[in-house]
Each structure stands twice: as C-alpha cells, then as structure tokens.
Amino acid sequence: MADLSINLAGIKSPNPFWLASAPPTNTGYQVQRAFEAGWGGAVWKTLGDPIINTSSRFAAVNFNGQRVAGFNNIELITDRPLDVNLKEIYETKKRFPNHAVVASLMVEPKQEKWHEIVKRVEDVGVDGLELNFGCPHGMAERGMGAASGQQPDLVEAQTYWVKEVAKTPVIVKLTPNITDITVTARHAVKGGADAISLINTINSLAGVDIHTWNTVPHIGGKGAHGGYCGPAVKPIALNMVAECARHPEVTVPISGIGGISTWQDVVEFMLMGSTAIQVCTAAMHHGFRIVEEMIDGLNNYLDEKGLASVTELTGKSVSKYSNWGDLNLNYKVVARINEENCINCNKCHIACEDTSHQCIDMLTNADGKAILKVREEDCVGCNLCSIVCPAEGAIDMVEIDSGLPPMTWNERQQVVGGLSGAYSKAEVV
Amino acid sequence: MSAYDDFAKEKQDIDDLLARGYTVAGMLETLDGAKVKFDEAKPGSGSVELLLLTADARKYVTTLVFAGLEKAQ
Ligand SMILES: Cc1cc2nc3c(=O)[nH]c(=O)nc-3n(C[C@H](O)[C@H](O)[C@H](O)COP(=O)(O)O)c2cc1C
Ligand code: SF4
Ligand code: SF4
C-alpha cells in the first residue's frame, strides 16, 4: 500500500484529504468526527470578529436529475467567539496530534488586527494558518475577504503582516473573482506566503423563482449575491491551480480546492500541481464518510501505477499544460463510429450537421440497415459527436497521421512574418 | 458539400507550382485569405500569386516552408 502522507510547506498530514474552511469545520465536534472518518486535515471555519448570519443561506443548482451540480451560499465566517473556537481547536489537536489543523483567518486589512489574531491562534497549537482573502459576499462589503483579495498590493501587505509574527506556515487562500489569479498568487508569494490555496467560491446567483420572482435563496423576499462551488466549478478551479502551478514566480506549494468529489478529482488536482486538496461541497452533500471511498480509490490507483507515495503525483501534468500558440497544428484526430455499439439515435449526425462540419452521413448498409458514417477527410476532429453520443464505445476519436511534421501557431507566425516582407516591399514601391 | 475538396484543390495548385520549380517567396494574410507569392527558380522569370481560402491550405503552405519541405515537393 502506498504512503498517503503529505507535507504542505511544513504542515504534515496522514493523507492529502483536508476539509475546507466551511460548515463541516465549524466546531471541534465536527472536525474530530471528520478525523475519525479518515480526513487527514481540516481548515477551521474562518475565525474573525463573530458575525451574524441570515437564515436561508444555501441553494443548489440541480441539472437534469443530478442533485447539487453546483452549490451556492451566502454564509459568512464563524459566528462563534474566538475563545470558544480556540478551546475546541486545542482539544482537537490534543486528540489528533498527527492530523493537520489549520486556522482560517479573516480580519480587517490592518497590521495590528492581523498580529493580534495570529498570536492568539498560534498559542493554542495550530499547525498552520490560512488567510481567507476569498469570501465573495458579506465580508467583502466590509472590506475583507475577496475585497482585499482582489487587490494585489493588499494581498501582499496582509501576508507580510502575518509573516511578521507567524511561527507556523502561512497559506494564502485566493479568490477566483479576478481576471488573472496568478497576479494575486505572485503577490502572496512576494508577501512571504509559504503556500497558496485555491479556489474560494465564485460570485453567483443560484436562480430566480419564475413563479414568485424571488431570488434563490431569498431572505424574506430579498436576495444578495453568493458564492458558487461544487462539481460545476471544478474545471474553473483546475485551470486556476494549473495556471499557478506553471507560473515561474509562483514558487510555493498549492492546496487545490473546488468541486472535488471523487478520488479521481483528487488525482487530477495533484497532477496539476496540488500537494494536498480540500473539500467542502462533497462533504456537505454526502457526509464525512465520503472520504473512505476517496482513500480506497487513491490507494488502489497508486498501487496500480506502482507509485510508493502520493507525493509522486504532484505536478506530473503541469508541463503538459501549455499555451495555445505552442500546440501542434498538424496533429489530427477524426471521429469513427462503431456500428456494433451504435444505437442509431442520430444525435451525432444532428450535432455535426447543425453545429459542426456536416460530415456524418446517414446511409444504408448492404443489409438494408440504417448506419451513420463519418467522412473522415471532412472531419475536423472537434470531438462534438463523441461528446453528445449517449452510447458507450459508439464513437472513437482516432489519431490520424496528417503526413505533415509538427508546427505550432507560434512557429507558423515566424514563417509568415519572414514571408510578409516581400509583400510590404512590393506595396511600398 | 465537402470542405476537403476545397482544400484538395488549393493543395493541388500549391503542389503543381512547387513541382514546376516555383518557391514560396512571400505571404500576406488578409481578411479574405492568404496571398502567397511564388517565384520561379530562374531569376527574372516572374512570379505567380495564389489566394488561399481554406485554413488547411494556409496551414499546409506554411508547414512546407517551416519544415524546409517546399523544395522536396
Ligand atoms: C456554506 C459555505 C461556507 C463557506 N465558508 C467559508 C469560510 O468561512 N471560509 C473560507 O475560506 N471558505 C469558505 N467556503 C468556501 C470553501 O472553503 C471552498 O473554498 C469552496 O466551497 C470550494 O470548494 P468545494 O467546491 O469543495 O465546495 C464556504 C463554502 C460554503 C459552501
Ligand atoms: S468530430 Fe466534429 S467534425 Fe468530426 S464528425 Fe464529429 S462532430 Fe463532425
Ligand atoms: S450519437 Fe452515438 S449512438 Fe447515436 S447515432 Fe451517433 S454514434 Fe450512434
């Protein structure tokens, strides 16, 4: 069995599965039950000046029968006094000395505020700190969370203030509500961050009730924007993690967060540069025991791959994530339909005919049976037909030798640049 | 409707010129396609211009130049 233990910038945990700062980590009771269930670490529900929450604070987006494809919340940070949380953190750490207990923090962007909370939290023996620069609602209206996390200079300054007094590793949690997350990631590193975690939730409105015209959720007839998470945000989170991982100035380890529900998701986030991962929505949807399947699945996968340690996964796909201009334009795939698996639903034909390149023909074979056939020379290999096909194994995307050597867009543009001289001269004359 | 036929025709035109000793001498990409200027091997014997419309032909001709394959055609 492979070694699942990890070390994120000096924070050790028996496995890479951490609960993210959110309702599952609200109390000592919950975090201790989570550790008993198998979670390796927990980032405590964000500590700061205790807030007051609204009733009716979550909503979910269900999609075609899949419940909680996305999850939306307007919850703020902890509503419990700091002292109460610290006592429970202390007790939790005493019971689980080898698990990672990280305190998430959010205060006003003032040096003395950060110094005060860091000292008090570290006194009870946390393994690390996570600075919540990401909460997109409520706290942001008060100048905290995403409001300070969207300003690179404030990210840097606040990280710096924390590092002035912190004795434990400092993770900076980034907001995705920004055009280029590598900018704030770089400023966190400049401020002295030991690691970054991403993503926090994405600005969202879960829906509008078309009968009452109220927002979903609504608070007595009024709503406010919330934060989106769960499976729907995974591709966004994965890209942001990958962009940070491949940026030469983002030199610190990454804790990946956003839509992680299965062990396969965990593997993907680790391959794209995460040292550890965090989960919120999947635990809220299915309970703490979801981690059992994640641990089993990851263990089996590592054994199958012949890997002795989970740490061997970290970053293995980062170099494969490139810029569009560096992709080979002469690489070619085409769609091929396997008659034996096809159920003749015609979805591929409709998709290609209406919205792609009109190259799936409806034919009749020698036995008089209706079949579909791709005109491979006209197929651009867009993948659409295989995406919409409901029958497993009915469409394969197969690699074709284009007969041409590899050439990227950037390489092509150099050629074009060299050749355009002849035209500019001719036109000047 | 066959996009491949459109490309095949343009590719044939390119290959024919190269087979007759022409080389790619200039290229100008415009909103209406790529103008490609072919010079004949013998100096002073003039040049021919093709307006390539298909993406595959525009890719093909630059691949030949990029890989130094145009003379081998
Ligand atoms: C109800 C709820 C409350 C949350 N509260 C916090 C919080 O207090 N501090 C924080 O840093 N993130 C908070 N988050 C964000 C999560 O920690 C996490 O970044 C986000 O949900 C993405 O992960 P997921 O897709 O696994 O849910 C909260 C999320 C939810 C759903
Ligand atoms: S891959 Fe795209 S172009 Fe090719 S057959 Fe499928 S839908 Fe049509
Ligand atoms: S979508 Fe799939 S199952 Fe339906 S006709 Fe096309 S290949 Fe067959």
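Say we look at the stretch A:59-86 and pick out the residues that are more than 19 Å from A:Val43 (Cβ to Cβ) and surrounded by 15 or more Cβ atoms within 10 Å (Cβ to Cβ); which of these is nearest to ligand 2 (Cβ to nearest atom)? Out of the qualifying residues, it is A:Ala69.
Tell me yes or no: at least one residue of the stretch A:384-401 is more than 16 Å from ligand 3 (Cβ to nearest atom) and open to solvent by 70 Å² or more (accessible area, probe 1.4 Å). Checked against the condition, which is being more than 16 Å from ligand 3 (Cβ to nearest atom) and open to solvent by 70 Å² or more (accessible area, probe 1.4 Å), the stretch A:384-401 yields at least one hit.
Among the listed residues B:Leu64, B:Leu50, B:Leu28, which satisfies the condition of being in a helix (DSSP H, G or I) and either at positive phi or buried (at least 17 other Cβ atoms within 10 Å of the Cβ) (or both)? The conditions single out B:Leu64. Within the bounds of the stretch A:362-370, is there any residue that is modelled with pLDDT of 95 or more and open to solvent by less than 60 Å² (accessible area, probe 1.4 Å)? Among the residues of the stretch A:362-370, not one is modelled with pLDDT of 95 or more and open to solvent by less than 60 Å² (accessible area, probe 1.4 Å), which makes the answer no.
Residue by residue, here is whether (1) touching a residue at least 40 places away in the same chain (Cβ under 8 Å); (2) among the hydrophobic types (A, V, I, L, M, F, W, C); (3) surrounded by 21 or more Cβ atoms within 10 Å (Cβ to Cβ) holds:
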{"position": "A:Pro152", "(1), (2), (3)": "no, no, no"}
{"position": "A:Gln158", "(1), (2), (3)": "yes, no, yes"}
{"position": "A:Lys163", "(1), (2), (3)": "no, no, no"}
{"position": "A:Thr168", "(1), (2), (3)": "yes, no, no"}
{"position": "A:Lys173", "(1), (2), (3)": "yes, no, yes"}
{"position": "A:Ile178", "(1), (2), (3)": "no, yes, no"}
{"position": "A:Arg186", "(1), (2), (3)": "yes, no, yes"}
{"position": "A:Gly191", "(1), (2), (3)": "no, no, yes"}
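Is at least one residue of the stretch A:308-318 within 14 Å of another protein chain (Cβ to nearest Cβ) and in a loop (DSSP other than H, G, I, E, B)? Checked the stretch A:308-318: no residue is within 14 Å of another protein chain (Cβ to nearest Cβ) and in a loop (DSSP other than H, G, I, E, B).
Residues that are over 23 Å from A:Ala37 (Cα atoms), part of a helix (DSSP H, G or I) and either under 18 Å from the mean Cα position of the chain (by Cα) or within 16 Å of ligand 3 (Cβ to nearest atom) (or both) do not occur anywhere in the stretch A:253-266. Within the stretch A:357-364, the presence of at least one residue that is away from ligand 3 (no atom under 14 Å from the Cβ) and in contact (Cβ under 8 Å) with a residue 24 or more places away in the chain is confirmed. Screening A:Arg412 against (1) within 9 Å of chain B (Cβ to nearest Cβ); (2) open to solvent by 40 Å² or more (accessible area, probe 1.4 Å) leaves a single unmet condition, (2). Quick check, is A:Glu292 more than 16 Å from ligand 1 (Cβ to nearest atom), part of a helix (DSSP H, G or I) and outside the structural domain of A:Arg246 (by TED's automatic domain parsing)? Criteria not met by A:Glu292.
The residues of the stretch A:324-343 that are more than 16 Å from ligand 2 (Cβ to nearest atom), in contact (Cβ under 8 Å) with a residue 24 or more places away in the chain and open to solvent by 30 Å² or more (accessible area, probe 1.4 Å), listed by number, are A:Trp324, A:Asp326, A:Leu327, A:Asn328, A:Leu329, A:Ile343.
Selection within the stretch B:37-73: residues that are more than 8 Å from chain A (Cβ to nearest Cβ) and in contact with a Ser or Thr (Cβ under 9 Å, 6 or more places away or on another chain). The member of this set that is farthest from A:His357 (Cα to Cα) is B:Ala41.
The values are calculated or read from the model by the stated rules, or taken from the named source; none is laboratory data. Keep in mind the model is a prediction, meaning the values are calculated, not measured. With ideal geometry, Cβ positions are generated from the backbone for all residues, glycine too; neighbour counts draw on all protein chains shown. Only protein heavy atoms, including side chains, enter the accessible area calculation; ligands, DNA and RNA are left aside. Shrake-Rupley method; radii C 1.70, N 1.55, O 1.52, S 1.80 Å.
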